[in-house]
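The values are calculated or read from the model by the stated rules, or taken from the named source; none is laboratory data. Values in this document were obtained by computation on a predicted structure and should not be read as measured data. All Cβ positions, even for glycine, are placed from backbone atoms using ideal geometry, and neighbour counts span all protein chains on display. Accessible surface areas use protein heavy atoms only, side chains included; no ligands, DNA or RNA. Shrake-Rupley method; radii C 1.70, N 1.55, O 1.52, S 1.80 Å.
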Amino acid sequence: PKASAVKEWAWAQSVRTLEFTNQTEEVCAREIEQMRPDLFVVISFGRLLKKRLLDIPKIASLNVHASLLPRWRGASPMQSALLAGDAESGVSVMRMVEALDAGDVLLEKRLRLDARETLLTLEPKLAVLGVSALMEALTPADRPKMTEEQLAAVNTMVMRNNDALALAAVVRGFKGLE
């Protein structure tokens with residue numbers, strides 16, 4: 001498989017990368033502990049990290065999630081917001097815990113969705129918004145925190161290739177009826 005843009009950038013900057021799989025998780029954990037990081041930032045990782053890993057950084061383990069939590073947790077928050085016809089979306093920066101998108105939300109940034117919004121137009125907007133939200137969340141300030149108890153969630157669905165093909169067929173079948 002082709003390396004991600006982040007990994008290619010890291011290689012170009014001589015930044016060390018680790019391949020994280022079920023088979024290498026323990027090895028990665030030991031290597032990361034030796035690095036003694038101050039902070040973890042996770043974006044679109046698609047895996048739950050164990051408490052052992054989450055406790056390694058001195059400051060925090062943060063996740064930038066492409067939805068306004070708790071509305072859409074899981075692997076397909078942008079697709080879920082679009083399929084539900086949500087009027088807005090956004091990003092949430094949260095503390096990571098050993099559960100799916102369930103930590104305290106430190107900061108969220110909102111984005112109004114246009115009726116013609118697609119995944120191809122939404123994803124880059126949320127990427128830029130996510131960077132802004134992360135930088136703001138890392139800036140010390142007194143701000144209210146949303147706890148897990150204040151949140152009620154709807155889990156997203158896992159999109160498989162067949163689901164995407166079926167959805168594309170629906171779009172083609174009804175295109176022009178809007």
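Restricting to segment 62-83, give me the number of residues that are more than 8 Å from the chain's Cα centre (by Cα), outside any loop (DSSP other than H, G, I, E, B) and either at pLDDT 90 or above or buried (at least 22 other Cβ atoms within 10 Å of the Cβ) (or both).
Residues meeting the conditions: 8.
So residue 151 clears everything in (1) modelled with pLDDT of 55 or more; (2) open to solvent by less than 60 Å² (accessible area, probe 1.4 Å) except one condition, right? Which one?
Among (1) modelled with pLDDT of 55 or more; (2) open to solvent by less than 60 Å² (accessible area, probe 1.4 Å), the lone unmet condition for residue 151 is (1).
Hey, among the residues in segment 116-140 that are more than 17 Å from residue 96 (Cα to Cα) and not in a helix (DSSP H, G or I), which one's most open to solvent (accessible area, probe 1.4 Å)?
Checking each candidate, the answer is 116.
Across segment 84-108, what is the number of residues that are over 12 Å from the mean Cα position of the chain (by Cα), of a type in the set (Val, Ile, Thr) and part of a strand (DSSP E or B)?
1
Which count do you get for residues in segment 3-25 that are of a type in the set (D, E, K, R), open to solvent by 60 Å² or more (accessible area, probe 1.4 Å) and touching a helix residue (DSSP H, G or I) at 6+ places or on another chain (Cβ under 9 Å)?
2
For segment 27-54, name all the residues that are among the acidic types (Asp, Glu) and exposed (fewer than 11 other Cβ atoms within 10 Å of the Cβ).
Quick first cut of segment 27-54, residues among the acidic types (Asp, Glu) only: 31, 33, 38.
If the condition is that a residue be among the acidic types (Asp, Glu) and exposed (fewer than 11 other Cβ atoms within 10 Å of the Cβ), then 38 is the only one that fits.
Only residues in segment 117-140 that are touching a residue at least 40 places away in the same chain (Cβ under 8 Å) and over 19 Å from residue 59 (Cβ atoms) count as the first member; pair them with residues that are open to solvent by less than 60 Å² (accessible area, probe 1.4 Å) and not in a helix (DSSP H, G or I), Cβ under 6 angstrom, at least 6 apart or cross-chain, and list the lot.
126/66; 126/91
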